[in-house]
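The values are calculated or read from the model by the stated rules, or taken from the named source; none is laboratory data. On a predicted model such as this, the values are computed, not experimentally measured, just so you know. Glycine also receives a Cβ, built like all others from the backbone with ideal geometry; neighbour counts cover every protein chain displayed.
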Amino acid sequence: MPPKKKVAALILKKKDIPKLVRQLTQVLTVYGPVANQSQFKFDTITDGSQLRLDYDTTILPPKKFFIPPTEDMVTFSQSPTLTIHDTLAQSDIESLWNGKRFLVFGVHSCDLAAIKFHDLILTQIYPDPYRTRRREEGIIIGLNCLLPCEDSFCKSAGTLHTTDSADLMLTELDNTYYVDVLTETGRKVVEFCKILFSPASTEQTKLVKKTLTQRNQTFPDPLDSFEEIPSQFDASYEAEMWNRLGRRCFGCGACTMVCPTCFCFDVSDRVELNLKEGARVRKWDSCQLVDFALVAGGHNFRPTIPSRVRFRIYHKFWIEPEQINQIGCVGCGRCTRACPADIDMIELLSDIQKGGN
Amino acid sequence: MSTGKPKPVVALYGLTCCAGCQLEILNLEDDLLDILGHINLVQFRMGSSATHPGPYDVCFVEGSVTNEAELTRLKELRENSKILVAMGACATTGGVNAIRNGRNIEEFKQSVYGDASHVNTFPQILPLKSHVKIDYELQGCPISGQEFVEFLTALLTGAEPREKNYAVCVECRMKENVCLMKEGELCLGPITRAGCGALCPSLGFPCEGCWGPVPQANVESEIDMFSQKGASFDLVVRKFRMFNASAEEFMKQLKRRLNIEWL
Amino acid sequence: MTQSTATRTEKNAYQYNMARIVRVTPQTPDTNLYTVEYVNKDQQKQFNFIPGQFMLLSLFGHGEAPFGICSSPNQTGSFDFCIRSVGSLTNALQNLAQDSIVGLRGPFGHGWPMEKLKGKNVVIIGGGIGLVPLRPAILDILENRDDYGTLQIMYGARCPEELLFKDELYIWDNRRDVEYVATVDRDDEHCWAGNIGVVTILFDRITISPKDTYALVCGPPIMYKFVMRELEKIGLPDDRVYLSLERRMKCGVGHCSHCLVGSKFVCQDGPVFSYKEAKTQRGAV
Amino acid sequence: MALAKFDIHHIARVEGHGDLFVELKEGKEPRVEMRITEGTRLFEAFLRDHGHNEVSHIMSRICGICSHSHAIAALRAVEAAMQIEPHLQTHQLRKLQLIGDNLASHALHINFLALPDYVGARNVIEMLPKYQEEVQRALRLKKLANDLMELIGGRHTHALCAVVGGYTHVPTSSQLQSMRKRLQEAIPDAEAQIELMGMFAEPKLVRRSQYLAVKHAKDYPLYEGDLVTDKGLRVPESEYTSLIKERNVPYAHAKFSEVEGKPFVVGSLGRLNVAKDQLSDNAKRMTKKVGLKLPSYDIFQMNLGQAIEYLHYLDQSIEIIDDLLTQNLHADIVDYKTRSGSGAVAVEAPRGVLVHEYRFNARGRVLAADVITPTAMNYSNIEADVRSLSPVLQELSKDEAELRLNMLIRAYDPCISCSVHFVRTA
Ligand SMILES: Cc1cc2nc3c(=O)[nH]c(=O)nc-3n(C[C@H](O)[C@H](O)[C@H](O)COP(=O)(O)OP(=O)(O)OC[C@H]3O[C@@H](n4cnc5c(N)ncnc54)[C@H](O)[C@@H]3O)c2cc1C
Ligand code: SF4
Ligand code: SF4
Ligand code: SF4
C-alpha cells in the first residue's frame, strides 16, 4: 500500500543505526545481515554493531523468515481425546503496527524481487496461509546494492533496481543512508524513530539518482535477453547439455535450498516420545532429491539426476513464466555459490541460449 | 497414536565395534526413562546382567561380523527377532573395520600379534545385510541418538520409519554453514546420506561419510571435484574407504573410475 | 474428541474436518473399502463432490495422503474410500478399527466431465487401483442410466485376487446395458476363466465406436501411453479422452509443487485432464 | 581334581566381550584366565599409510566410551612426532575433553555398571523403584559430562573438531559460562555420589600391588607427564617401553602387561595412590569425610576412587574454564610442516594410563603404531587378584562366588573392546 501522504525522502546517519536498532528491538524482533565465518547470513540482531550492511550476499535468502526451513502447521495431542490446534490460530499478540512483529533489515533488490515473486506464485490458486501470515507480520527494509557480488546476474534478470515488497529502501551515501519511504508501514517505522531521520536535501536526492544511474551502467550484464530464455529452454529440452550437467550434478539439493524463489515443501508428522503429542510439519523439499516425484508402487517420474537437473530449470524458466508470466529466477547467484559440483548458473543459462549442445 | 498393546520386547546386541552406538543410546539421559517406559528392554549387556533368550520383537545389532562365532550369533538373532535393525557404521557399511578389506590379512595379523595363530578373524568385513536379512538400518559412526528416538517412536506408533534419501548438503544448507567444498576442502557431504544434521561441516570439518552412501550417489563427480582440488588418487581412495570400504555403491564406481584392482 | 474450532481461520484450506470410519469392507488382502461420515452432521449433509475428485485423508501421527472418493455422488449419509496398503499411512489405516476418527480436507481438483457425458457413449478403462476414482462415475451413470448412451467398462488387474468390488463386477457383467470386459496380468492360482494379459488386449475383445464417445481412463503410470495409442487408433479425438493422473502430493492446494506436470498442478487443475490438455504438458503421459 | 570351576561367559556391564575362566585346584595354584574374546579389528595394521591428520578420527573408534581419550592421545603423539607446539588454548580445551571423558565414564561406571551389584539389582532399571533419586542424579551427572564433551569436541562420542595443531571450532564464551555454571551446580551431586559409594565398605580385597599413573608437576594426572609408580619408579612418557613390558597369552585377543615383571594397577586408585596430594580441596575434604585412607590397596575402592575423582575433575574443569574465559577464544590451528619422526605420549583415560605411539614418514603417513590401553595393563593384575580371592571363593556359594568375581572384574571398569586394539606394528 502506498503511504497516505507523500513523505519526502529522508536521511539516516550511519552512526545512528545502532540507535535505530535499539529502538526497533524494543517492539520488534529485528533480523539483519551478520558475519558468518567468511560469509554472511541473516540473523537476529540485538545490537546495531552486529549489522553488516556492507555484506555482499547471504547464504540463505530472507525467505527463511517467511517460509521457515521447518514449520509446525498443526499440533495435536491425545490426552485422552484427540485435540488439534492450528498454529495459524495462535492467539494474536497485540503489537505495534497491526500485528507487525518482525523486521528484516538490509534486504537487497534481488531478494526483494524474490519475496514479491513468492507473493504471486504462492497465491495463484489459493494463498498459502502460513506464509501469508508471516508476510503480514514482517516489515522489510531494503538496501540498494552499489557493488555487484560474484556469480550474480541481477542486471540481466532485471531485478537490480527492484524496490518491490520493501517498506523502506536505503541507499548508501557517504556517512548516511538515503531513505525512500515506500509504504504506510514504512512511514510508521520512520514515525516511531522520528528523531533519527532528517529530510533529504535536493542535492542529496540528485546525488542518489546519479549514484544509482552510474551503478546501473557499471553492473555486469552477463546474459542478453534474459526474457527469451523460456522459449530457448523449450528448444533445448532434449539437448545434450542436460546429460552433461547430470553427470556433474550430485542431486544434493544445495542449489534449491539457498534459492530465494524455490518454495517446494514436504509434509510429514512428528510424534513426540510420549506418543501423545505431535505436529504436522512442513519442511523445505527439493526437486533435486530422488524421492521428490516418487509415488506409491515405486514409479518415479524423474528417476535420474539429469531429469531432475532439467526440471529445476524447467520449473523456473518455463513453468513459472507460464503460470504467472514471470521467470522464477532473480539472478542472485546463490545456486552457483552453493553448488559443490561448481555448476554455474550463468554458464548454464548461456548454454541454453546457445541451443544446449 | 498411543498403543494399548503390550510393550515390545527389545534387545540390544554388540558385535565387534567400539560400542559407541549403544553408548549413544545410554547417552539419551533426558529420554532414557521415557524409552524404558515404552519398551521391555530385555537384553543390554553393556547395561545389564539380565539375559533373555528371545524371541524379540525388535533387536538392534551394532558392530561387524569378524569371525564364525559372531556370524552364528547374528544368524541366531535373525531367527529370534521379528525386526532386526543394523545400527551404526560397523553394521551398515562395515565402518572402520572394513578398511582391512582387500589387504593382506595374514600380514596384518602378524604385524599386530606377532605369532597370530590364535587370532581368528575374517579377511573381509561386510555390512550385516550381506550376511542376513536386515529390516532397517540406522547409520552413523556413531548413530544419532535423535534418529534412534525417531525410529523407535515410529515403530511404537506403527508408522513406517522414514529413510532420509538425501545428502548431508541438505542439512548443511539449512544450517547455513559456509560450504567447505567451495572453500577447497574435500567434503563427502554431497554423496553421504543425511541424518547427522551436517555435524562435521557445522564444526568446520569436512564430512567423512560416516552415514554411508546416499541413494544415487554421484561418485564420479565427487572424484572429479576432489581431483580438481588437488587430491591425489591415493587420498581420494582413503577418503572413500574411511567408513565405506565395503559400501558397494562407492567401491564399484571407485574401482572402475580409478582402475584399482584390489578394491 | 474435541477440536479447537473457535480460532480457526475460515479460509485455511489446510484445515481438517473429522470423520468417523463407519464400516470397513475388505476388498483384497491389501485393499479395504472405508465408509466414512463426518462427525459433524451438518457437514455431512452439505457434503457433495464430483466423481473423480479426491480428498486428503490424515491420521495424526501418520501424515496425510490423497485418495479418490469412491462412492456414488448420489449416496447420502456417508461416502467411501478404497485404499491399498503400500506404506506408512495406508498400513496404519488398515489396522484401524471401526469408529476410528480420521481427518479429511477437500474435495479437491477437477473430476470427470460428467455434464459433457450426458447423452454420450462412455468407455471406462481402469487398471488396478485406478478403478477407484472411476467407480463414482460408473455408479452415477448406472443410477441415471437413461441420461447416457452406451457404457463400456474395461478393467485390468494384476491377478484375479486383486480385482476390486467383485460383487459389482458381477452385476456389471450381467447387466444388459453395460458391456464389461476384464483381464488379469497373470493367474498363478488357475482360478480365472477370463482374459489374461495387460489391459490393452481388451481392445480386441470389444468394439468401440468413436462416434459420440468419451473415454475415461485411470491406471498405473505406464498404462496411459499404451491405452492412448489404442484410443488414437480407434479415432477417438483427444478432447474426448479424459485421464486421471497420479502424482506425489503434499498439500493438495497448489503450493508444494510435487504434483506439477508442466505448468499444471495435478491437485487443482487435475487430477482429471483431457488428453488434449495433458498432451500440452511435458511428462504428463 | 578341581574343587570348583567358574566359566563366566560374556561378563556383563563392562564394555566389550570377555569371559573369565577360573579353576580352583586342591593344593595347587588356581588356574585363572581372562579370556578376551572380543573380535579383533586390527586397527594398528590398517592405520598404516593413513595420513597423520586422519589418525585421531580413526583411533577414536577403538572405543566409544573413551573415544576422547584416544583422540587426544593420538593428537598429542602426532604432534610430538612432528614437533608441533599448539597454543595454550588448545591444550586447555583438550584437557576439558579428557575431563569430560573421565566424568562421563565414571558416572556411567559408578551408577550403571557397578552400583547395581551393591544394591542387589541386575541393572539400573531394576534399581528405579527404590532408587529414583540416585538414578536421576546419575543421569544428571552423566548428561553434564556428555554436554561438556559435546561442547568442546562437537559430539559426545567420537569428537570432531579437535585436529592436529588445534581446533576447527571452539565454544563461545557464553557457552563456556553457562557450562561453568552447570559444573559448579553439580558439586552437591558429586558429593552425594561420593557419600553413596562411601557406604559400601564390603566386599574388600586388599593386596599390595603396584600403582601407576601419568604424573605432572602441576596437575592431578590427566593430560601429560611422566609415568610414575607408587613405589617410586619414574620414566618420561616417551620412554614407556622401558617400564611397561607386554606379553602375548594364548587365550586372549589382548596383550598382558607388567612392570618389573609384576602386575600393576592403573585407574582411579593408580592416580589417587600416586597423586593424592594434587586433589582439589573439595575432593580432599570428601576423601576424609568418607574415611578413605590413601594409599589404598583395596581394589574394590576403585569405585569410590572414581566418585572422588568426579568431584576433583569438576573442580579442575571450572578452573580451566575460568582460565579460558580470560583468553580470546577462536578457532585456531597452528601452522606446521609435515615431517618424519616418532612420538609417544601417555594420558589418563577413565580406566587409567593410555599410551599412543606413532612413527611417520616424511609425507606424514603412518609407518608404525603402538597403543597400550589401560584395560590391557590391568589384566595381569585382575588375574592375580582372582588368584588371591580363591580362598574366599571356596567359602561362598556358587552364585555368590560368581557375583564376587563379576564385581571384582567390574571394579576395574574394564573396557574390553579397547584392550584388543593395542598395537604393535613395525
Ligand atoms: C489424486 C490421487 C488419488 C489417489 N487415490 C487413491 C485411492 O483411491 N486409493 C489408493 O489406495 N491410493 C490412492 N492414491 C495413492 C495414495 O495417495 C498413496 O498410496 C499414498 O499416498 C501412500 O501413502 P503412505 O503413507 O501409505 O505411503 P508412504 O509410506 O508415504 O509411501 C509409500 C509409497 O507411496 C509414495 N507416496 C508417498 N506419498 C505419496 C503421495 N502423496 N502421493 C503419491 N504417492 C505417494 C512413496 O513415494 C512410496 O513409494 C492416490 C493418489 C493421488 C495423487
Ligand atoms: S536460480 Fe539461482 S540465481 Fe536464480 S534466484 Fe535461484 S539461487 Fe538465485
Ligand atoms: S560443506 Fe559439505 S555437506 Fe555442506 S554443503 Fe558443502 S559439500 Fe555439502
Ligand atoms: S558430517 Fe559426515 S562424517 Fe560428520 S557425522 Fe555427518 S555423515 Fe558423519
Would you please name the residue that is farthest from ligand 3 (Cβ to nearest atom), looking only at residues in segment D:124-163 that are more than 10 Å from chain B (Cβ to nearest Cβ) and under 23 Å from residue B:20 (Cα atoms)?
-> D:137
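Could you go through segment B:227-234 and let me know if any residue there is more than 12 Å from ligand 3 (Cβ to nearest atom) and touching a Leu at 6+ places or on another chain (Cβ under 6 Å).
Among the residues of segment B:227-234, at least one is more than 12 Å from ligand 3 (Cβ to nearest atom) and touching a Leu at 6+ places or on another chain (Cβ under 6 Å), which makes the answer yes.
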Criterion (part of a loop (DSSP other than H, G, I, E, B), away from chain B (no Cβ under 14 Å) and away from ligand 4 (no atom under 16 Å from the Cβ)) met by exactly one of C:66, C:73 = C:73
Does residue B:132 satisfy being among the hydrophobic types (A, V, I, L, M, F, W, C) and over 25 Å from residue C:95 (Cα atoms)?
-> yes
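Any residue that is more than 14 Å from chain B (Cβ to nearest Cβ), of a type in the set (Ser, Thr, Tyr) and touching a helix residue (DSSP H, G or I) at 6+ places or on another chain (Cβ under 8 Å) - is there at least one of those in segment D:176-186?
Within segment D:176-186 (the criterion being more than 14 Å from chain B (Cβ to nearest Cβ), of a type in the set (Ser, Thr, Tyr) and touching a helix residue (DSSP H, G or I) at 6+ places or on another chain (Cβ under 8 Å)), the answer is no, since none of the residues qualifies.
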Go through (1) modelled with pLDDT of 90 or more; (2) within 20 Å of residue D:388 (Cα to Cα) one by one and return the number of the condition residue D:289 breaks.
-> (2)
Hey, residue B:144 hits all of (1) away from ligand 4 (no atom under 11 Å from the Cβ); (2) of a type in the set (S, T, N, Q); (3) assigned by TED's automatic domain parsing to the domain that holds residue B:85 but one; which does it fall short on?
-> (1)
Just need a number here: residues in segment A:18-45 that are more than 14 Å from chain B (Cβ to nearest Cβ) and either closer than 25 Å to residue A:134 by Cβ or charged (D, E, K, R) (or both).
-> 14
Taking residue C:274 as the residue in question, decide whether it is more than 9 Å from chain A (Cβ to nearest Cβ), out of contact with any Ser or Thr (no Cβ under 8 Å at 6 or more places or on another chain) and away from ligand 3 (no atom under 16 Å from the Cβ).
-> yes
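Table: residues versus (1) more than 23 Å from residue A:61 (Cα to Cα); (2) among the charged types (D, E, K, R); (3) more than 12 Å from ligand 4 (Cβ to nearest atom); (4) within 14 Å of chain D (Cβ to nearest Cβ).
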| residue | (1), (2), (3), (4) |
| --- | --- |
| B:174 | no, no, yes, no |
| B:180 | no, no, no, yes |
| B:206 | yes, no, no, yes |
| B:211 | yes, no, no, yes |
Mind checking whether some residue in segment B:191-198 is facing chain A (nearest Cβ under 7 Å), surrounded by 21 or more Cβ atoms within 10 Å (Cβ to Cβ) and under 16 Å from the mean Cα position of the chain (by Cα)?
-> yes
For residues that are among the hydroxyl-bearing types (Ser, Thr, Tyr) and more than 9 Å from ligand 2 (Cβ to nearest atom), scanning just segment A:309-350, find the one that is nearest to the chain's Cα centre (by Cα).
-> A:314
Quick check: is even one residue across segment B:143-161 away from ligand 1 (no atom under 16 Å from the Cβ), under 30 Å from residue C:96 (Cβ atoms), more than 7 Å from every other protein chain (Cβ to nearest Cβ) and not in a helix (DSSP H, G or I)?
-> no
Segment B:46-83, residues that are surrounded by fewer than 24 Cβ atoms within 10 Å (Cβ to Cβ), part of a strand (DSSP E or B) and aliphatic (A, V, I, L, M) | B:58, B:83
Check on residue C:229, under 30 Å from residue A:292 (Cβ atoms) and away from every other protein chain (no Cβ under 14 Å) = yes
Go through (1) among the small types (Gly, Ala, Ser); (2) farther than 24 Å from residue D:185 by Cβ; (3) out of contact with any Pro (no Cβ under 7 Å at 6 or more places or on another chain) one by one and return the number of the condition residue D:305 breaks.
-> (2)
Of the residues that make up segment C:165-186, is at least one assigned to a helix (DSSP H, G or I) and touching a Gly at 6+ places or on another chain (Cβ under 9 Å)?
-> no
When you go through B:190, B:206 one by one, which is the residue that is in a loop (DSSP other than H, G, I, E, B), touching a residue at least 24 places away in the same chain (Cβ under 8 Å) and more than 16 Å from ligand 1 (Cβ to nearest atom)?
-> B:206
Wholly inside segment D:294-374, strands (runs of 3 or more DSSP E) that include 2 or more residues that are closer than 19 Å to residue D:223 by Cα, in contact with a helix residue (DSSP H, G or I) (Cβ under 8 Å, 6 or more places away or on another chain) and not β-branched (Val, Ile, Thr) are D:341-349, D:352-360
So is residue B:240 assigned to a helix (DSSP H, G or I), among the aromatic types (Phe, Trp, Tyr), more than 10 Å from ligand 3 (Cβ to nearest atom) and in contact with a strand residue (DSSP E or B) (Cβ under 9 Å, 6 or more places away or on another chain) or not?
-> no
Failed criterion for residue D:76 (all others in (1) assigned to a helix (DSSP H, G or I); (2) surrounded by fewer than 24 Cβ atoms within 10 Å (Cβ to Cβ) hold) | (2)
Which residue out of D:19, D:49 is at pLDDT below 95, surrounded by fewer than 24 Cβ atoms within 10 Å (Cβ to Cβ) and over 20 Å from residue D:380 (Cβ atoms)?
-> D:49
Say we look at segment B:159-173 and pick out the residues that are within 20 Å of residue A:262 (Cα to Cα) and touching a strand residue (DSSP E or B) at 6+ places or on another chain (Cβ under 7 Å); which of these is surrounded by the fewest Cβ atoms within 10 Å (Cβ to Cβ)?
-> B:168
Of all helices (runs of 4 or more DSSP H) completely enclosed by segment A:239-357, which ones contain at least 2 residues that are within 16 Å of ligand 3 (Cβ to nearest atom) and either within 10 Å of chain B (Cβ to nearest Cβ) or surrounded by fewer than 17 Cβ atoms within 10 Å (Cβ to Cβ) (or both)?
-> A:254-258, A:334-338
Within segment C:229-254, the count of residues that are out of contact with any Leu (no Cβ under 6 Å at 6 or more places or on another chain) and either within 16 Å of ligand 3 (Cβ to nearest atom) or over 30 Å from residue C:207 (Cβ atoms) (or both) comes to 7
Does at least one position in segment A:9-18 carry a residue that is modelled with pLDDT under 90 and surrounded by fewer than 16 Cβ atoms within 10 Å (Cβ to Cβ)?
-> no
Starting from segment B:13-35, take each residue that is within 7 Å of another protein chain (Cβ to nearest Cβ) and touching a residue at least 40 places away in the same chain (Cβ under 8 Å) and list its partners that are of a type outside the set (Gly, Ala, Ser) and surrounded by fewer than 20 Cβ atoms within 10 Å (Cβ to Cβ), counting only C-beta distances under 6 angstrom and pairs at least six apart or across chains.
-> B:31/A:273; B:31/B:149
